Amino acid sequence: MLAHHVLFWLKADTTEEQKAAFRDGLEKLEAIETVEAFHIGTPAPIDRAVVDTTYTFSLVLFFSDLAGHDVYQVHELHKAFLDEFRGLFEKVIIYDAH
């Protein structure tokens, strides 16, 4: 099992309509055939010093193995998402774990 966790910080001037379109774009990634499990989230209202709530969206994808992850990275849906929404990112951090 491989977890691919992506945290997105969208630019401060991103509109609510753009955020909704961004979330819709994330949801389309679930259709990639190697995605085993999928979650989109936003910061939970938890006030603890060790919890980072500064990001805009969290995307967690699970793959059965590294090969499934590699298929995802070059998949047309993933490429289309990046092409359409890359301009909204201020910052992106990715954590991959197995």
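For every residue, the table says whether it meets (1) under 21 Å from Gln18 (Cα atoms); (2) surrounded by 12 or more Cβ atoms within 10 Å (Cβ to Cβ).
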| position | (1), (2) |
| --- | --- |
| Thr54 | yes, no |
| Ser64 | no, yes |
| His69 | no, yes |
| Phe85 | yes, yes |
| Phe89 | yes, yes |
| Ile93 | yes, no |
**OP:** Hey, can you tell me all the residues within segment 20-40 that are without any contact (Cβ under 8 Å) to a residue 40 or more places away in the chain and closer than 15 Å to Val92 by Cβ?
**Re:** Ile40
Original post:
Among the strands (runs of 3 or more DSSP E) contained in segment 6-98, which hold 3 or more residues that are among the aliphatic types (A, V, I, L, M)?
Top reply: 57-63, 89-97
Subject >> Filtered residue count, segment 43-72, keeping only those that are in contact with a His (Cβ under 8 Å, 6 or more places away or on another chain), closer than 19 Å to Trp9 by Cβ and of a type outside the set (Ser, Thr, Tyr) >> reply: 3
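Could you tell me how many of the residues in segment 59-98 are of a type in the set (Gly, Ala, Ser) and in contact with a Ser or Thr (Cβ under 6 Å, 6 or more places away or on another chain)?
1
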Subject >> Single unsatisfied condition, His98 versus (1) touching a His at 6+ places or on another chain (Cβ under 8 Å); (2) at pLDDT below 95 >> reply: (1)
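The values are calculated or read from the model by the stated rules, or taken from the named source; none is laboratory data. Everything numeric in this text was worked out from a predicted model, so none of it was measured. Neighbour counts run over all protein chains shown; Cβ positions are idealised from the backbone, glycine included.
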